[in-house]
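Working notes, beginning with the structure itself.
The values are calculated or read from the model by the stated rules, or taken from the named source; none is laboratory data. Fair warning: this is a prediction, and the values are worked out from it, not measured in the lab. All Cβ positions, glycine included, derive from the backbone under ideal geometry; neighbour counts span all protein chains shown.
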Amino acid sequence: MTRTRHAFACILTAFLALTGFAQSPALAQTDFPKQPVHFIVGFAAGGGNDLFARVVVQKLQENTGITTVIENKVGAGGRIAADYAARATPDGYTVLVGASGQMSIAAAIYPNLNYHPTKSFIPLNMIASFPLVLVVPYDHPVKTVKDMVAWAKANPDKSNYGTSSPAFTIASELLKLKTGMPAVGIPYKSSNESNLSVISGQSLFTISDGPPVIPLVEGKKIRALAVTGTKPSPELPGVPSMAEMGYPEVNTQLYSGFFVPAGTPAPIVAKLTAELAKAIADPAVQTALKKMAVTPGGPTGDAFKKYIDDDIKTNADVVAAAKLKFEQ
């Protein structure tokens, strides 16, 4: 009997120890956060990704009382910020505001990347997504995508495009692959420079992000032929989608989202995801994001992870088919 009681006591002690060990992190996480949460942005203040973050994070702070800090760690197309965030302690106090360029596209084009979007991080929420805009000189004879493809095939020596980032290069090369048109890429430092090259006639076309190109379209400095994807953009009334033009596979969509380092405890992930989703869904936030020519919201959690993994493969396939090389 004594031996039985002793054995039972040992088992009970071990069980309580294991149970306490298993529960203590969860108990510690219920009062998260105890200190400011830092949101890491890989681009300069005032840029699209920075503005997305500030709109949502401000609402998060208003809703929850959480103290937040936005840190801009600029360089290498956002990769410095992503590398920094990936190495941070996985405790929920470091959140990366990640854009497609430093996440999906970087993973597709740089074999020696120091991090991986869905292995080094846990994707939380997509903030917004947006198509790109195909534009040509306003006074050029081409008026549709099919016109441009035909013109480029008839004038291959005059067919070129401006590009200022791997995202725009991949989108342009995808268009070439799906239409058979020739075109040589000309590198520029910014979307503004690429657009100016079209206005001046140095480039036949560029595929650009919406904010810098929409005012030029509205001012009739440049002509928008289509937006990538299946749906037209509300900010460009009368401009068709690539799918409507007969090229549904030219479906490039860029995104921005929130990520935490891999290993962040599940209760913290759940809390951040829920509160960020509430902030993104706020009507004022939705309006502010729409004014930046993006579609607010998107998948969260595992669905966001799948979206990114699929996006990496799509971009990698274009890079391989077009035999593209990028300097890291």
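Quick one: is K271 at positive phi and of a type outside the set (A, V, I, L, M, F, W, C)?
In short, no.
For the stretch 129-145, which positions are surrounded by fewer than 24 Cβ atoms within 10 Å (Cβ to Cβ) and among the aromatic types (F, W, Y)?
Y138
Go through the stretch 269-278 and give me each residue that's surrounded by fewer than 21 Cβ atoms within 10 Å (Cβ to Cβ) and either modelled with pLDDT under 95 or of a type outside the set (D, E) (or both).
Matches in the stretch 269-278: V269, A270, K271, T273, A274, A277, K278.
Looking only at the stretch 35-82, which residues are crowded, with 19+ Cβ neighbours inside 10 Å and under 20 Å from A262 (Cα atoms)?
Matches in the stretch 35-82: V37, F39, I40, V41, G42, G78, R79, A81, A82.
Suppose the filter is within 30 Å of D31 (Cβ to Cβ), of a type in the set (K, R) and not assigned by TED's automatic domain parsing to the domain that holds A167; does K313 pass it?
no
Yes/no per residue for (1) touching a helix residue (DSSP H, G or I) at 6+ places or on another chain (Cβ under 6 Å); (2) outside the structural domain of A108 (by TED's automatic domain parsing):
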{"residue": "T169", "(1), (2)": "no, yes"}
{"residue": "K178", "(1), (2)": "no, yes"}
{"residue": "N192", "(1), (2)": "yes, yes"}
{"residue": "G201", "(1), (2)": "no, yes"}
{"residue": "I207", "(1), (2)": "yes, yes"}
{"residue": "G238", "(1), (2)": "no, yes"}
{"residue": "A243", "(1), (2)": "no, yes"}
{"residue": "V269", "(1), (2)": "no, no"}
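Each row is one residue, and each column tells you yes or no for (1) of a type in the set (S, T, N, Q); (2) closer than 25 Å to P267 by Cα; (3) at pLDDT 95 or above.
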position: T4; (1), (2), (3): yes, no, no
position: L18; (1), (2), (3): no, yes, no
position: Q29; (1), (2), (3): yes, yes, no
position: P36; (1), (2), (3): no, yes, yes
position: A44; (1), (2), (3): no, no, no
position: E62; (1), (2), (3): no, yes, yes
position: G75; (1), (2), (3): no, no, no
position: I80; (1), (2), (3): no, no, yes
position: G92; (1), (2), (3): no, yes, yes
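If I ask for residues that are touching a residue at least 40 places away in the same chain (Cβ under 8 Å), surrounded by fewer than 21 Cβ atoms within 10 Å (Cβ to Cβ) and closer than 16 Å to E62 by Cβ, which ones from the stretch 280-328 would you list?
Hits for the stretch 280-328 are D282, A284, A288.
For the subset of the stretch 178-230 comprising residues that are among the charged types (D, E, K, R) and either without any contact (Cβ under 8 Å) to a residue 40 or more places away in the chain or surrounded by 19 or more Cβ atoms within 10 Å (Cβ to Cβ) (or both), which member is nearest to T295 (Cα to Cα)?
D209
Name the strands (runs of 3 or more DSSP E) wholly within the stretch 148-267 that hold at least 1 residues that are more than 30 Å from R79 (Cβ to Cβ)?
In the stretch 148-267, the matching strands (runs of 3 or more DSSP E) lie at 222-227.
Residues of the stretch 72-122 being hydroxyl-bearing (S, T, Y) and without any contact (Cβ under 8 Å) to a residue 40 or more places away in the chain, which ones?
Y115
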